[in-house]
Structure formats: structure tokens, C-alpha cells
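Take a look at the structure below.
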């Protein structure tokens, strides 16, 4: 323990020995190292602030009470600082406002950062993830697996879920599958497979020919969704986890509500504003920004016959009504199950971002 404390001196000194000892048991070696470096960068930023003593105290309190929500704020502050950009943390303090103010290409841009989970439930998710990884990753399967927990999932389901995953790995290896398969876990005795579906990209004829996809009507009742993605370059099993839905952005409406609240309560009216959204799901994010997908049918006024059927978006998206938000940065897994930072630009923004600003924000 002493060597660990010496190694992460900044963390220990800032948070105190007792809290640091508790953190060592939950965060892990890699997390401690990253957090120590980020905290050091953030403290250097605050050191130049006239309100440094108050802000240091607030940061300490937030790390202790809202640990997992505070980490992304520190990560982005360190990210911009390491690029030699001028950063101000909590620029509107003591009033409500954005998390960061950063000079990007000769102008101030304001950033509000939000993460999918709340601290207590995030710890629960981490426990699920650690248990799955310890039991599954050592299997030489060549699969990349994404597990998304739904609200009904409980600790009692964890071991049956692991058994289900192990059985599917053996079955899919024997069958030599080359395309993604999504398995829906309903109970220890009931799991169903959707071959060729990656859990994100709906089949083109899902709405016009729904009888081909009987699972589509019941998958919302599953306790967990497991996506098996074949990878030629893996000799082990890669595991990543998301959810449960109750801890944050489980659906389109929750994301939309969160974005509107952030805009109305935190962002300034006449400045370039960026919302950074962690772990929200790429499909849900797009629908929350641009509007929900809906099926539109055109009929002949004379005969009543269907002329055309097509998909379009309704007017519920944030970008349909907002001019205050310049962009939303999605941080998470895309449709190809690769971790990405993707910038969604608001076509109606009062203060749009330029291409160079986008590159700096994304870290390109």
C-alpha cells in the first residue's frame, strides 16, 4: 500500500489517505494512474484561477460524492490543457454554468460534459463488467462481445448470463459464424438469438416486412443484450459493457430530456456551446438530436392505394429547435462497435464550429 501511495502522490495528498485507500480497491491500477495524471493537470489549471482555493475544495467534494460523473470533466480539462489551450474550469462559478471554458482557434468555447451513469449505479455496472471480463476474456474465441444491461437485470442474473455467454461462444465457434449475432437474455432458461443482427443497424425491411423478424416485438423485454462480433485479429474474447438503462440514457427520450436540461440550465445564450455526451448509444443519440425515425405512407386521394412508404424523422430532435448548442460530441461505441469521438454539428446553430475547431475538440 505504501508503494502505491507513493506512486500516486497527487491523488493521496489531494483526497486524503483514508479515501485513497478505499479508492485503490475499486478503481484499479490503470484507473489510478490515469486519474493521478489527470488530477495533476487539472490542479495546475486551477492554480492559475483567482478562485483556486474554493474550486479545489469543490473538486475534492465532487470526486468524493460524484466520482464517476466527475472523471469525464477532468479528462476533458486535461485533454485541452495538454494541447496547450487556455482552460477555465467552472467559468461561471459560483452561478450555474458550463463545466469548462476553452480558447479554441482564438475564441472561447463553452463545454458541458455529461455521462451516462450516476455514481452509485455506475459502481454496480463496473462490478458486472469486472466479473464478466475475468470469466470471459481468457476464452480463446476471437469474438468481440458487447453486453448491454437493461433495467430489469439484477445480481442474481449475473452467473446465469455468464453461463449463457460461454455456451453461445462454444456454439458459435462450432458453427463458424462470420457475421454478428445478438443474443437476448430473458431468464436463466430463456435466451434467443438474432443471427446477422449487430444490435444497432436495423434490417432495411424491418418495418415493411416485420414477420421476417419475430424477435423485434419482444426484445425490449430482455434483461440483457449480448452482441457477438467476429474478429479475425483476436485470439481472446474482448468484453465491454453498458447500462443498466435506469442509470442514465437508456432510450431516446431520456437523452433528449437530458440534452434540453443541459442547454437550458447550463449553457450561455450567445456563445458557442458544446455538449459532450458519454456512453449514450449512437443510434439513440442520433434520434435525440435529429428526431425519431418514423414510417410515412403516401396514399392516393382518389383510390386510397399506397403510393410510397418511406422513413423520415419527426420534429422532436434537439437540433430542430435549438440554436444555442453548436455541437454535440458523442463519446462511445459506434455502429461498427469501435470506440469513437464523433462530433454532431447543429445545422441551426447561432455560433457554428469551424473545421479546425472540430479537429482540436476531437483530438485529431
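Read-outs: derived from the displayed coordinates by stated rules, not from any lab. Note that the structure is predicted; figures quoted are calculated from it, not measured. Counting neighbours? That spans all protein chains shown, and the Cβs are built from the backbone with ideal geometry, glycine included.
Ranked by the mean number of other Cβ atoms within 10 Å of their residues, highest first, the peptides 281-287, 155-161 fall in the order 281-287, 155-161. With a cut-off of 18 Å on the backbone N, the residues of the range 291-308 near the modelled label site 7 Å out from residue 205 along Cα-Cβ are 308. Kirkwood radius and radius of gyration were both taken over the C-alpha atoms of the range 39-132, and their ratio Rg/Rh is 1.02. Under 1.5 on a/c is rounded, so check that first for the range 183-243, then, if it is not, pick prolate when a/b is larger than b/c and oblate when it is not; a ≥ b ≥ c are the square roots of the alpha carbon gyration tensor eigenvalues. Oblate, because a/c is 1.5 or more while a/b does not exceed b/c. Take the Cβ-Cβ distance between residue 138 and residue 355 as r, set R0 to 30 Å, and report the resulting FRET efficiency rounded to the nearest 0.05. Result of the calculation: an efficiency of 0.10. Under 1.5 on a/c is rounded, so check that first for the range 301-364, then, if it is not, pick prolate when a/b is larger than b/c and oblate when it is not; a ≥ b ≥ c are the square roots of the alpha carbon gyration tensor eigenvalues. Since a/c reaches 1.5 but b/c is at least a/b, the shape of the range 301-364 is classed as oblate.
If you plug the beta carbon distance of residue 261 and residue 93 into 1/(1 + (r/R0)^6) with R0 = 30 Å, you get a FRET efficiency near 0.95. Ordering 289-302, 126-139 by mean Cβ neighbour count within 10 Å, with the highest value first, yields 126-139, 289-302. The C-alpha radius of gyration of the range 252-362, expressed as a fraction of 2.2 N^0.38 Å, stands at 1.27. Summarising the label geometry, the points placed 7 Å from Cα in the beta-carbon direction at residue 83 and residue 268 lie 1.9 nm from one another.
Taking every alpha-carbon pair within the chain, the share separated by more than 38 Å comes to 26 percent. Modelled spin labels at residue 341 and residue 167, positioned 7 Å past Cα toward Cβ, are 4.3 nm from each other.
Rounded to the nearest 5, what % of DSSP beta bridges with both residues in the chain are antiparallel? Taking every DSSP beta bridge within the chain, about 70 percent pair in antiparallel fashion.
Among 52-65, 88-101, 321-334, sorting by the average number of other beta carbon atoms lying within 10 angstrom of each residue, highest first, gives 321-334, 88-101, 52-65. When the Cα convex hull of the range 119-247 is projected onto planes of every orientation, the mean area is 8.2 nm². Here the calculated FRET efficiency for residue 44 and residue 307, from their Cβ-Cβ distance with R0 = 51 Å, stands at 0.20, rounded to the nearest 0.05.
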